[in-house]
Each structure stands twice: as C-alpha cells, then as structure tokens.
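Q: Can you keep this structure in mind? I'll have questions shortly.
The values are calculated or read from the model by the stated rules, or taken from the named source; none is laboratory data. Every value quoted in this text rests on a predicted model; they were computed, and no experiment measured them. Here Cβ is always computed from backbone atoms with ideal geometry, including for glycine, and neighbour counts include all displayed protein chains.
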Protein chains: 2
Amino acid sequence: MTANNIADATTQSLARVDDVLERFFSLSTTRAAALAPAYEALWKTLRSNTNGGKRFRPRMVMTAYEGLGGEDAEAAAHVGASFELLHTALIVHDDVIDRDFVRRGIPNVSGSYRDIAHTAGLSIPTAEHRGMSVAVIAGDLALTGSFRIMGLAETDAATRARLLDILDDAVFASAAGELIDVDFSLYSGVPSVEEIVDMERLKTAVYSFEAPLQAGAVLAGAAESVITAVGEFGRNIGIAYQIVDDLLGVFGDEHATGKTTIGDIREGKRTALIAYASNRPEWSKISHLVGKSNLSPAEAQVVRSELEASGAKERTERLAGDYADRAVAALTRGKVPQRLIDELTPVVAAVLERVR
Amino acid sequence: MTANNIADATTQSLARVDDVLERFFSLSTTRAAALAPAYEALWKTLRSNTNGGKRFRPRMVMTAYEGLGGEDAEAAAHVGASFELLHTALIVHDDVIDRDFVRRGIPNVSGSYRDIAHTAGLSIPTAEHRGMSVAVIAGDLALTGSFRIMGLAETDAATRARLLDILDDAVFASAAGELIDVDFSLYSGVPSVEEIVDMERLKTAVYSFEAPLQAGAVLAGAAESVITAVGEFGRNIGIAYQIVDDLLGVFGDEHATGKTTIGDIREGKRTALIAYASNRPEWSKISHLVGKSNLSPAEAQVVRSELEASGAKERTERLAGDYADRAVAALTRGKVPQRLIDELTPVVAAVLERVR
C-alpha cells in the first residue's frame, strides 16, 4: 500500500502530522538534553525510529475525518500523531519481545543500542540485553507521548475523553493480541484459523485501522451509527490486511514488499495459511520444514508448492476477500456519507491488490 | 518507613485509593476475560503485583492534599491510584531490565510467567524470555492505566491538564534515570557522587516524592509558591530516602528491611557509599570484592569494615542528612501552611530513622 493508492488524505494533512511529531520530538529532545547527553541521544534515536514510516495510521484518521467533513486540521493532526507514536511504542516493544534487532533492514532501537554497546567492547549477550533494556524505556516514552499528544488535541472535553477511550481500547486490544502471539510462538501445535484471525485482529487491526478510523469519525462529530460502521469497516479491512500480509510473507515479491519470503517459514509463524494447511494431507510433507531455522531456498519452494497444492493458499486468499467484503458491507449500514465511502473504497482495493 | 510513622494520611483516604484501583482492575479483568482467558489471567497477575504495597506514593499525594485543606477525597484517590499504577509499571519494566524474577521474596510478573512456562516444559532461557515478554506487556498496561486514572480525576480542565503534565514529567524523569542506571551497570568505572545522586533523583525521587506531593498540592488549588516548595521538599527528601536505602542495602537490619545486605555488594551496585570509598586508599582492599557475584559473608564483612574505616559510611550518612536538611528548609519558603509542615516533618524523621 503506497502513498498514492490508499486514499486521498492530502499531503498537506500528513505534513501537519509530521509537524506535530516534530514539535513533540524537538521539545522532548531539548528537555532530555538538560538531563543527560545519553538521554538526548535516546530521544534522537526514538525520533529517527518514528520518521520515515508510511504514516499509515494518521492516513486512516485523516481519511475518516476529512471524509466526514471535519475541518480542524490541527486537531486531526494531533489525533493522527498520537496513533503514529502508539505505533512506534508497540513496534519497539514488539521487537523486544521477538528479539528482533533490525526492522526494514535498518537497526531498530534495540539494534542501535546493541551495536553501540558491542562496539564499546561488551559481549554480544550483554550488548543485546542493553539494547533491549533501552528499547523497553524508549517504548514507554513513545506510549506516554501518544497519550500526551492525544490529550493536547483541541476539542471539547467530551470528545477528548472519547478519543482517549479509543486510544486506551487500542492499547488494551494490542496487549491482548501480543500476549496471545507470545503463546502461539512458544507452544508447538498450530492454532485454528479463528484463533489466528482473532490474534491478528487484536494485535494489529484494532490499533492500525479500527481505532484511527473511529477516532477520526469521533473528532468530526459523526453520528454514532457512522462511528460504529466506520469502526466495523476498519476491523474487517484490518483483518484482511493482516491475512494478505501473511500471504506476502510467503508468496510475495520481495522487491515490491521489502520483506523476505523465507523468514516467516523459517520462524514457523502461525498464520491462517499454515492453519489451513495443517488440516490437509499435504501437511505431512512440510510440517518438519515449517519452523526449520536453517531452511534452504529449495526447501522453502517445497513448502510453497504444497501450500498451493493443498488449497491452503487459495482458501487464505478467499478468507482475505471475505473480510474485505464484510468491510465494504459495513459501509452500507449506518448512513455513512457517500463522500467517505468513495474515499474508503480504494483502501479495500489497495489491500487486496497487494496480493493479486 | 511504615504506615504508622510516615504521616497521618488517614486510613480512610488510602482505602479510597484501593477502591479506585479495585474498580480499575475489576473492570479491566472483565474486559480481558471477554478477549482471552490468558489475558484475564495476566490482569489478575498485574492486580496482585499492585496489591500489598505500602501505598507510599498515594500517601504523599494525600499528605499534601489534606495538609493543604483539600476536601474532594474521591478526586485525590484517583490521583493517588494513578501514581500507584505508575509505580507498578516502572518496577515491572525495571525488573525486565535488571533480569529480576523475584521481588520481596515473591515471583514478580516476569517470575510468575517464567515459572508457568518452565513447568509447562519450556527450557529456562525460553521460559525467562517468555516471562520478560509478558512483563513488557504488563508494564505497558499499567502505564496506560496510570494515565487513564489520572484523566478520570474529577476536577476542572486546567487542573487536570496540570496533573497530567506532572505525571508526564515523572515518566520523563524516570526514563532518564533508568537509562543512566543501565549504563552505570555496564561500564566498569565508578561514577561520581553527583552522578549517582542525579540518577537516583531522576529514577526514583521524582516519581515517588516530588511528583505525588506536587500533584496533591495542585489538586488542592495551592498557590504556585507552595507547589514549588512542596516539590523541592519532595525532591530532596526523595534523594535522602534513596541514599538511606543504599546504606541499608549494606548496613541494614535484614529482618527490619526485608532486604539482604549482601545483594548490592555482590551486584556491584553504584551508590554514593561506593563512590566515596572509591576515592580512598582503602578502596584497593575491596575493589575486587565489590561486584564479585559469589562473594562470601566473610568477604562482605571485609567490605563493610573498609567502608566504615574509609569514612565512606559516615560521609554517606552526612549526605543523606544534608538532603533532609534541604528538604526541611524548602518548607520554610513559599508560605507553606503550618498544618502541612506539621504533617511533612515526621516524614523527614522517618526517612532518617531508618538508618540510625
């Protein structure tokens, strides 16, 4: 999903989100510099880990807000920036949990601090723990910043309270999803498709789609039925997005996605694709390969072939399509204005096109 | 410091804090149960890790609030509960950073989840990582809860914004202190007394004393000069408290404090005591023992003797006394009402009596 095809939230609106984030980071970095040089450096690292993203969640906020006639660009920019910082917080802590030190080919917070410590002469395990420790702190700061920026959105008290509730609900859901995911990765059985979809909904779809869209609608002063419909759209398209993401993690074009197509198989990641395959006779040919950490490219190709032969790939694509259909159907309920429907429809196409 | 001697914040006020926390945990646990049984269990663990504490920070809030004539016990209880949850969040994440699985002789969040995973057959390193992963999530929930409960304190918008600023400042300071402490533990040199005091101020004194006292004063509608004076009192008595805590970690009565007097020496914890000693000729006799992980009780006794002989113990006690004096002096500025002075003075005595 790229800047061009997701929705026509204007470049100007996103520039305002960046302005809010820049002001937050500038102020925080200045305050940090007064306390300790190392703390100033941490804030700079956190800033660079927040910059350069696709601003996906702010786009969702803006799409709903502008599509519902909202005109206070500054307030909307605060709501968007709040979700962007929440995203930073969650991925920084998720990387600690997954012991990942790299994200999109660049050292993340844990990785940057691990590398500095290792260069300074500390052993790898000690340097890794130091990287993870600093990332725990950095995630806490981003999480706090998310609530702070949301609280600064200029609107009436009732709306602000509602926005903070939505943000709180998003954290609550993400924590549940992360917890379930931790347990998926530890125990050997393959969960059901329903369990996997539920985990992905909680871990990612709520805070990335449902909550930002609802927040935009709330800020725009939309009717309850519209807020509900927009949230339901977000939940379903968010699930579709995650299912497609998992397909791309195995069958995608590495150049287009920037994501390897072997990592998920090596890791044994529990996805709908794997859950479907695990109930098919073909599973016996690949179960020993899924989760094999030194899997060869040839073995990965065997896994891919059997995932196709078993019909798991097709069923997974259909599942993504079903959730996309539910998303579209949600927009027909609750008197969603045509203007917003027109802005959200390309989001559906963009999500599904990624895999086609 | 016990319930009896710290200040006469009433039992009733603290019971209200417990009520606010109980309502928060009951609601959260119910919401969690609707998502996943494992999530419900996590909330129960977080609740039991929050219960049973001394409610130290709520006491500070109540002491300032009631000493300044505040009468809205329910609003004050929210502010107190917010700081208690912040404390939970910070210790849960601090334990991840310190790789501690036990607190006060009982498994903490990381320890509880490590033990469950190990009993279920996972290896110790995997079980430990699972414990730490869950603790990262749990700390995020407590941190979010802290902001949520503060936002629910019924007061005017300007006061609530100020309270949220104080909470935000407390997180900001704690993160700085934690970061500096992480680096102290990794690099071999002994920092200066000033560096150590500064770290302890940021990591603990701000969120445990300065911020709760200021928040109580703000909620009570105190004059700016009083808010400033009370904050200065808190900062200085908080530093004194930490210095005394470090003395007790080496010279304390284990039965009275519930804390071993060998752990800090084995760990090589950087304290004012150690910083003073490191500049004395006696240091050469004990530098190889400080940080020796298998230190014997006899060797610990050698360390204690040399810390006394070098004058480091006495200088550290004097340093604590100096900060306590500064705390008392702060109360004479800014027109602090006599009633509050009368309530805070026993706090000073209680902090110093712990070591005498």
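Q: Out of B:R47, B:R57, I need the residue that is free of Cβ contacts under 8 Å to residues at least 60 places away in the same chain, of a type in the set (D, E, K, R), within 22 Å of A:T144 (Cα to Cα) and out of contact with any strand residue (DSSP E or B) (no Cβ under 9 Å at 6 or more places or on another chain). Which one? Break it down stepwise before answering.
A: Values: B:R57 fails: free of Cβ contacts under 8 Å to residues at least 60 places away in the same chain.
After ruling out the rest, the residue left standing is B:R47.
Q: Right, next: Scanning for something more than 25 Å from B:A349 (Cα to Cα), part of a helix (DSSP H, G or I) and free of Cβ contacts under 8 Å to residues at least 60 places away in the same chain, does the range B:231-246 turn up at least one residue?
A: no
Q: Further question on the same structure: Could you check the range B:303-324 and list, in sequence order, the residues that are hydroxyl-bearing (S, T, Y) and farther than 16 Å from B:S287 by Cβ?
A: Selection gives B:T316, B:Y323.
Q: Residues of the range A:126-149 being within 22 Å of the chain's Cα centre (by Cα) and among the acidic types (D, E), which ones?
A: A:D140
Q: Oh, and also: Name the residues in the range A:158-192 that are more than 7 Å from chain B (Cβ to nearest Cβ) and β-branched (V, I, T), would you?
A: A:T159, A:I166, A:V190
Q: On to the next question. Quick one: A:L152 ticks every box in (1) surrounded by fewer than 24 Cβ atoms within 10 Å (Cβ to Cβ); (2) under 25 Å from the mean Cα position of the chain (by Cα); (3) at the interface with chain B (Cβ under 7 Å from one of its Cβ atoms) bar one, so which box is it?
A: The single condition A:L152 does not satisfy is (3).
Q: Taking the condition surrounded by fewer than 22 Cβ atoms within 10 Å (Cβ to Cβ) and touching a Ser or Thr at 6+ places or on another chain (Cβ under 7 Å), does B:E40 pass?
A: Against the criterion (surrounded by fewer than 22 Cβ atoms within 10 Å (Cβ to Cβ) and touching a Ser or Thr at 6+ places or on another chain (Cβ under 7 Å)), B:E40 qualifies.
Q: Can you pull out the residues in the range A:329-341 that are surrounded by 13 or more Cβ atoms within 10 Å (Cβ to Cβ) and modelled with pLDDT of 90 or more? Give the derivation first.
A: Keep residues of the range A:329-341 that are surrounded by 13 or more Cβ atoms within 10 Å (Cβ to Cβ), which gives A:329-331, A:333-334, A:336-337, A:340-341.
A:A329, A:A330, A:L331, A:V336, A:P337, A:L340, A:I341 - these are the residues of the range A:329-341 that are surrounded by 13 or more Cβ atoms within 10 Å (Cβ to Cβ) and modelled with pLDDT of 90 or more.
Q: I would also like to ask the following. Of all residues being under 26 Å from B:V171 (Cα atoms) and basic (K, R) in the range B:89-128, which is nearest to the other protein chains (Cβ to nearest Cβ)? Just the residue, please.
A: B:R99
Q: Still on this model: Does A:G121 satisfy the criteria of being without any contact (Cβ under 8 Å) to a residue 60 or more places away in the chain and not in a helix (DSSP H, G or I)?
A: yes
Q: Hey, among A:G145, A:G131, which residue is within 9 Å of chain B (Cβ to nearest Cβ), buried (at least 17 other Cβ atoms within 10 Å of the Cβ) and part of a helix (DSSP H, G or I)?
A: Checking each option against the conditions leaves just A:G145.
Q: In the set A:R160, A:R266, A:R270, A:R235, which member is buried (at least 20 other Cβ atoms within 10 Å of the Cβ), over 19 Å from the mean Cα position of the chain (by Cα), among the charged types (D, E, K, R) and more than 24 Å from B:G139 (Cα to Cα)?
A: Answer to the selection: A:R160.
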